[in-house]
């Protein structure tokens, strides 16, 4: 009992004592430990764990420097070839848009070649059906905002129906609407020139380059 205090009277001691696991409150003579703050600290720790798990960068795999370099070189070659192909059919400004779509495909086939969405069927068919939807929206929907929305949502719908989900296909469908007069003048020929040629070139380059990267098999062989 503290001097000058009546029996049973609660007094505050040193206050909060905090460590990574819990904190406690000191009370009077019996120094009762209030560990309710332990819940708070555990929740805080859980929050930090969730932040680290969901937001902090995670390596896809234990990649060696040579594999990283070869993946980057493969993407460089693929984008250079598709860019020159686009220049043959379109002007320089419109080429920038189309190469942007191919860039997303290059990331998939040269960095995650074993994923389902990077395989030849999604790569080829995903682009084909998406561009068909995109050109149709550009041709028959006068409102550009509505045409963009229908192009992306429609491409997702058709890709999922055909089991050819390839995220860059949504970008390709969108570019059919906003790609400019050169793209719209080509109409459905845009499916073949330059998109079709570019996709086939990307596929051939992905097969060849991934073949020379140890541990990779593209396309993935079904058991």
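A single entry from 117, 144 fulfils the requirement of being under 22 Å from residue 211 (Cβ atoms) and either out of contact with any helix residue (DSSP H, G or I) (no Cβ under 6 Å at 6 or more places or on another chain) or in the same structural domain as residue 197 (by TED's automatic domain parsing) (or both): 117. Taken as a whole, segment 155-168 holds no residue that is over 22 Å from the mean Cα position of the chain (by Cα), in contact (Cβ under 8 Å) with a residue 24 or more places away in the chain and not in a loop (DSSP other than H, G, I, E, B).
The values are calculated or read from the model by the stated rules, or taken from the named source; none is laboratory data. Every value quoted in this text rests on a predicted model; they were computed, and no experiment measured them. Note that we place each Cβ from the backbone using ideal geometry, even for glycine, and neighbour counts take in every protein chain shown.
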